[in-house]
Amino acid sequence: QVQLVQSGGGSVQAGGSLRLSCATFGVSYISYSMGWFRQAPGKEREGVAGIRPDGSTDYADSVKARFAISKDNAKNTLYLQMNDLKPEDTAMYYCAATYHYYTRTMNNYDPTQWPYWGQGTQVTVSS
């Protein structure tokens, strides 16, 4: 059974930083792609950042210069480092996993490609 457990959300002022964590169980980073997604109230869920088994990454245009996705194979943990946070980054953030590779980029998120999801964590950025 694949299980994803998130932590690290919270409230910060604009310009601040947060790091989200996603502990994974039943997931091998050699065989699975991992991703971060977010959903703001009244908005559709959107892709944020993804990382493939070969270590390649991609980002949504809105976060490309500010966020960084990484994984620690020894700790079985996925991270999202968020810097220079903006009020428009306020959302519920989710980590997700899919076997092998995802074919759409984070700018063209396809929910059917991501079967395993974490419980979500709230990120709130104030002015």
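The values are calculated or read from the model by the stated rules, or taken from the named source; none is laboratory data. As the structure is a prediction and not an experimental result, all values here were calculated from the model. Backbone-built Cβ (ideal geometry, glycine too); neighbour counts: all protein chains shown. Each accessible area value is taken on the protein alone, full model and side chains, heavy atoms only, with ligands, DNA and RNA left out. Shrake-Rupley method; radii C 1.70, N 1.55, O 1.52, S 1.80 Å.
A few points about this structure:
- Computed with a 1.4 Å probe over protein heavy atoms only, the accessible area of S11 comes to about 100 Å².
- Potential lengthening between Y99 and D54 on full extension [0.36 nm per residue; Cα-Cα distance subtracted]: 14.9 nm
- Cβ-based net charge around T57, under 12 Å, with every Lys or Arg adding one and every Asp or Glu removing one: +1
- Relative contact order of the chain, defined on C-alpha pairs under 8 angstrom at six or more residues apart (%): 35
- Å² per residue, accessible surface of the chain at 1.4 Å: 50
- C-alpha center-to-center spacing [region 3-22, region 67-86] in angstrom: 9
- Shown here are the Rg and Dmax of the Cα trace of the chain, at 13.4, 41 Å.
- Atom-type composition of the exposed protein surface of the chain places 47 percent of the accessible area on carbon and sulfur (1.4 angstrom probe).
- Highest-MSF residue in the chain out of R19, R104, R52 [GNM, Cα springs under 10 Å]: R104
- Summed residue charge, Cβ within 11 Å of E88's Cβ, Lys/Arg positive, Asp/Glu negative: +2
- Within region 36-63, backbone nitrogen closer than 15 Å to the virtual label 7 Å beyond the Cα of D84 toward Cβ: 60-63
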